[in-house]
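Inspection log for the structure reproduced underneath, given as structure tokens.
The values are calculated or read from the model by the stated rules, or taken from the named source; none is laboratory data. As the structure is a computational prediction, the values presented were derived from the model and not from experiment. A quick note on method: Cβ atoms are made from the backbone with ideal geometry, for glycine too, and the neighbour counts reach across all protein chains shown.
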């Protein structure tokens, strides 16, 4: 199910889609540093914006947003490693399934100065799995072309 204005990614795209991108989050400043792949995962050309926490949360699917925000707040408080899976709506309107895998940097005074990690885009994996399930559910003979079906 998609929310209003979101296109599902269907089928191959002209370029090879990005799969993994690295980022650093600065919780005290509310800013993020993304490599080129994270920009692409967000449906943006590299360097198109100065990412902020507000923007990062805005890109989350509305049903996932509060959960992801809670995970980020916990990480910014504790610095403990975490991973979280959710749906990301890119600036290009494509909904992607991603995982964040992160670890916080903690100073001597126990303050979390950075959260470093990776965005992993699993959209194609989910699409391939769904296609395989659909083929299995349909049975072996249901994928033949209509023109090759016998007429009676």
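Which residues, taken from the stretch 125-136, are surrounded by fewer than 11 Cβ atoms within 10 Å (Cβ to Cβ) and modelled with pLDDT of 65 or more?
Scanning the stretch 125-136 gives a single hit, 136.
Which of (1) at pLDDT 95 or above; (2) assigned to a helix (DSSP H, G or I) does residue 141 not meet, given it meets every other one?
For residue 141, the exception is condition (1).
Does the stretch 8-24 contain at least one residue that is under 16 Å from residue 100 (Cβ atoms), surrounded by fewer than 19 Cβ atoms within 10 Å (Cβ to Cβ), at pLDDT 90 or above and over 15 Å from the mean Cα position of the chain (by Cα)?
There is at least one residue in the stretch 8-24 that is under 16 Å from residue 100 (Cβ atoms), surrounded by fewer than 19 Cβ atoms within 10 Å (Cβ to Cβ), at pLDDT 90 or above and over 15 Å from the mean Cα position of the chain (by Cα).
If residue 48 meets every condition in (1) within 16 Å of the chain's Cα centre (by Cα); (2) modelled with pLDDT of 95 or more apart from one, which number is that one?
Residue 48 satisfies every listed condition except (1).
Having 2 or more residues that are in contact with a strand residue (DSSP E or B) (Cβ under 7 Å, 6 or more places away or on another chain), surrounded by 14 or more Cβ atoms within 10 Å (Cβ to Cβ) and without any contact (Cβ under 8 Å) to a residue 60 or more places away in the chain is the bar; report the strands (runs of 3 or more DSSP E) wholly within the stretch 28-124 that clear it.
Where strands (runs of 3 or more DSSP E) fall fully within the stretch 28-124 and carry at least 2 residues being in contact with a strand residue (DSSP E or B) (Cβ under 7 Å, 6 or more places away or on another chain), surrounded by 14 or more Cβ atoms within 10 Å (Cβ to Cβ) and without any contact (Cβ under 8 Å) to a residue 60 or more places away in the chain, they are 31-34, 82-89, 94-106.
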